[in-house]
Every structure is written in structure tokens, then in C-alpha cells.
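Participant: This is the structure I want to talk about, given as C-alpha cells.
Each reported figure results from applying straightforward, stated rules to the coordinates on display, with no laboratory input. This one's a predicted model, so the numbers in the text were calculated from it and none came from an experiment. All Cβ positions, even for glycine, are placed from backbone atoms using ideal geometry, and neighbour counts span all protein chains on display.
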Amino acid sequence: MRFLAARGGPLELRREVMDSGMCTGCGLCVELCPYIKTIGERVAFIHQCTLDDGHCYHSCPRTPTDWEELDRAVFGLKREDFVLGHHTEILFARAADGEMAARGQYGGVVSALAAFLLARGEVAGALLTGGPAGGIPGPVLARSREEVLACAGSHYSASPTLAGLNRAVRQGLENLAVVGRPCQVLALRKMQGLPGALAAHKVAFVIGLFCFWSLDTAIYQFMASRAGAPIDRVDIPPEMMVLTTGSGVVNIPLDEVRKFIRPVCLLCFDPTAEFADVSVGSTEYDPAWNTLIVRSGRGQAAVEAARA
């Protein structure tokens with residue numbers, strides 16, 4: 001079942017999304033065919049493709065989407081809450097594992113849940129975003145608690161993490177967990193509606209991240225100039241960017257950061273990853289805890305098992 005309200009292929013993807021500045025950098029189309037690659041965090045065609053119809057177009061989070069059909073496919077029913085989407089519970093949560101809570105963002109729920117699913121054998125790998133706190137991130141396929149911990153913490157630029165999904169499936173991996181931004185979750189769900197889209201059908205669990213915008217990669221040079229030392233951690237609580245270094249903490253007013261927001265993010269309609277199994281973000285109240293939105297039956301089962 002396709003969740004697209006229009007027909008299109010690579011030419012339409014390039015014209016409607018890439019050339020018009022609408023690409024979110026989700027990465028799902030990257031390496032779907034050999035013609036689409038990433039340059040830093042920018043997604044681009046390296047050769048022209050003239051197919052009339054393509055998975056790259058049908059799975060893009062910025063092409064027309066049949067929302068009612070997508071709701072039915074993911075959750076089995078029409079939505080009743082048009083603000084937050086489907087949900088069964090909204091919780092304050094944090095990792096019971098002290099190291100996960102300390103190294104993860106806020107309460108460490110994303111890292112803890114990914115590690116929990118790996119430890120139980122429910123997934124063979126977790127596709128995460130990793131890299132230095134003050135540098136450009138990229139996709140990481142974690143297969144152990146230690147590898148999950150190495151990716152703990154938020155990155156605020158648009159890493160094309162889903163490019164790693166196509167590579168992982170070509171390596172023969174199945175039953176994967178994916179952690180992604182709302183646009184990445186939407187792309188993945190749209191691809192799961194395409195019968196021939198092998199990679200998307202190998203995903204067993206989706207953790208969505210709250211995301212109100214991502215930043216252009218130019219932010220890293222700006223951060224380095226303001227930090228004056230290697231950056232250990234980055235956070236953006238309300239009205240401030242906080243850089244933690246070995247020399248101390250540097251606070252940057254958010255007004256100085258806003259100029260780095262990617263323009264496409266200003267058009268976003270889903271800050272809480274409405275099509276994930278669970279969605280996780282800050283509480284904007286207590287930095288030691290996460291907000292956890294439980295959305296699907298799979299999400300409910302995982303959360304109940306994790307807190308048992």
C-alpha cells in the first residue's frame with residue numbers, strides 16, 4: 001500500500017524537494033539506488049535517473065502523503081488527537097541504569113530503551129546517530145550496550161542517519177531498531193508501505209525524537225569559536241545553547257543560534273514523531289527526566305517490559 005497522494009520518481013524528487021530546498025536530510029533515499037549520495041549532510045543526485053516512478057519519491061517525508069491511510073497502517077485506526085497523534089500513555093521517564101541516565105540526553109531513555117531491546121534479543125542492531133559532540137554526526141549501527149552508550153546524547157544538525165539502514169540490510173541484518181527525527185520516522189513509515197522496499201521491512205521498532213528544528217553544519221564552526229576548547233556535550237534548553245567543555249560551561253543566547261536553523265525545518269508539522277512506536281524528548285521542566293509518549297502496541301509492550 002502506498003501512502004503517497006501523487007505519482008512521481010527521481011525527476012520529481014529533485015524538482016519538488018531537493019532543488020526547492022525542501023529536503024530534510026533524512027537519508028532514506030541515500031544508497032536506495034546508486035545515484036543518490038550524501039555530501040556532508042546534504043543529499044544529492046550524482047547521476048541523472050529518468051524512472052517515471054520511484055521509491056525515493058514515494059518514501060520522501062516532503063512529498064504528498066495520505067495521512068489517514070498512514071495512520072491506519074501504523075496504528076490500525078484513525079487518529080483522534082490531531083495535536084499529538086496516537087498515544088496510549090504520556091510519561092515522565094528516566095533510565096534506571098545510572099550510567100545511561102548520566103551519559104544520555106536528559107533522562108537517558110532513548111539510550112536505555114535501545115540497549116534494553118538489544119539485550120533482550122528483540123532487535124539485532126540499533127541504527128543511531130553518533131559522532132563527536134562538537135562535530136558532524138553520522139549513522140552508527142550499534143549492536144551492544146557499549147556501542148549505544150558511545151552514541152548517547154543529542155546532535156542538533158540534520159544527520160542523514162537513515163542512509164545507514166540500506167547499508168545494514170545489504171549486510172544481511174534483520175530486526176533493527178531505528179532512532180530518528182520526526183521526518184526520518186515519517187520517511188521510514190512511508191517506505192514500509194512499499195512492498196519491494198526491503199530495508200524498511202527489516203525495521204522492528206522505531207524510537208522517535210522530539211525535534212523542533214535542526215541546524216546547518218555551519219553551527220559547528222560557530223560552536224568551536226565560542227567554546228574555546230573541545231566540546232564534550234551540547235544541549236539546547238529553552239532560550240539557550242549550552243556547551244560543556246573541559247574548561248567549563250559556555251552559554252550562548254538562542255537568538256545567536258537561530259540563524260543556523262535549516263529553512264525547511266521552519267515548515268515542519270510534526271515535532272513529536274507522531275508515527276513512531278514511542279517518542280522521547282525533554283520535559284522542559286526537569287533536566288534529569290524525559291517525556292515519553294507511548295504510541296503503538298509494540299511501544300507499549302517494550303515500555304512495560306523495560307519498567308517491570
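Participant: Suppose we flag chymotrypsin sites (Phe, Trp or Tyr not before Pro) only when DSSP calls them loop and at most 11 other Cβ atoms lie within 10 Å. Which is the longest uninterrupted stretch of the chain? Intermediate results must be reported in sequence, preceding the final value.
Facilitator: On the way: sites that count: Phe82, Phe269, Tyr285.
The segment 83-268 is the longest one with no such site.
Participant: Going through the cross-link list Lys78/Lys190; Lys37/Lys190; Lys37/Lys78, which pairs have a Cα-Cα distance over 26 Å in this structure?
Facilitator: Details: Lys78/Lys190 16 Å; Lys37/Lys190 20 Å; Lys37/Lys78 36 Å.
Exceeds cut-off: Lys37/Lys78.
Participant: Show me the GluC sites (Glu not before Pro) within region 12-106 that DSSP assigns to loop and that have at most 12 other Cβ atoms within 10 Å of their Cβ.
Facilitator: Working: sites: Glu12, Glu16, Glu31, Glu41, Glu68, Glu69, Glu80, Glu89, Glu99; in loops: Glu31, Glu41, Glu80.
Those satisfying the criteria are Glu80.
Participant: Excluding Gly107 itself, calculate the net charge of residues whose Cβ lies under 10 Å from the Cβ of Gly107, where each Lys or Arg counts +1 and each Asp or Glu counts -1. If you can, show how the numbers build up before the last one.
Facilitator: Working: positive: Arg94; negative: Asp286.
Once all neighbours under 10 Å are counted, the net charge is 0.
Participant: Fewest to most neighbouring Cβ within 10 Å: what's the order for Lys37, Lys78?
Facilitator: By the 10 Å Cβ count, ascending: Lys78, Lys37.
Participant: May I ask what percent, to the nearest 5, of DSSP beta bridges between residues of the chain are antiparallel? Provide the component values of the computation, followed by the final result.
Facilitator: Numbers: 31 of 44 bridges.
Within the chain, antiparallel bridges account for around 70 percent of the total.
Participant: Where Lys and Arg each count +1 and Asp and Glu each count -1, what net charge lies around Arg79 among other residues with Cβ under 15 Å from its Cβ?
Facilitator: Values: positive: Arg72, Lys78, Arg189, Arg295; negative: Asp66, Glu68, Glu69, Asp71, Glu80, Asp81, Asp270, Glu274.
Surrounding charge for Arg79 is -4.
Participant: Given axes a ≥ b ≥ c from the Cα gyration tensor, I'd like to know whether region 21-157 is rounded (a/c under 1.5), prolate (a/b larger than b/c) or oblate.
Facilitator: Numbers: a/c = 2.11, a/b = 1.27, b/c = 1.66.
Judged from the Cα gyration tensor, region 21-157 comes out oblate (a/c at least 1.5, b/c at or above a/b).
Participant: Roughly speaking, what is the centre-to-centre gap between region 142-177 and region 58-122 when only Cα atoms are used, to the nearest Å?
Facilitator: Value for the Cα centre distance between the two parts: 16 Å.
Participant: Also, I was wondering about something else. What is the sum of charges, Lys and Arg at +1 and Asp and Glu at -1, for the other residues whose Cβ falls under 13 Å from the Cβ of His47?
Facilitator: Cβ neighbours under 13 Å give a net charge of +2.
Participant: Okay, next question. List the GluC sites (Glu not before Pro) within region 242-286 that fall in a DSSP loop (any state other than H, G, I, E or B) and whose Cβ has at most 13 other Cβ atoms within 10 Å.
Facilitator: Numbers: sites: Glu256, Glu274, Glu284; in loops: Glu274, Glu284.
Those satisfying the criteria are Glu284.
Participant: Just the isolated ones, please: cysteines in the chain lacking another cysteine beta carbon under 4.7 angstrom.
Facilitator: Flagged as lacking a Cys partner: Cys23, Cys26, Cys33, Cys49, Cys60, Cys151, Cys183, Cys211, Cys265, Cys268.
Participant: If neighbour count is taken as other Cβ atoms inside 10 Å, put Asp53, Asp255, Asp216 in order from fewest to most.
Facilitator: Values: Asp53 14, Asp255 9, Asp216 17.
So the ranking, lowest neighbour count to highest, is Asp255, Asp53, Asp216.
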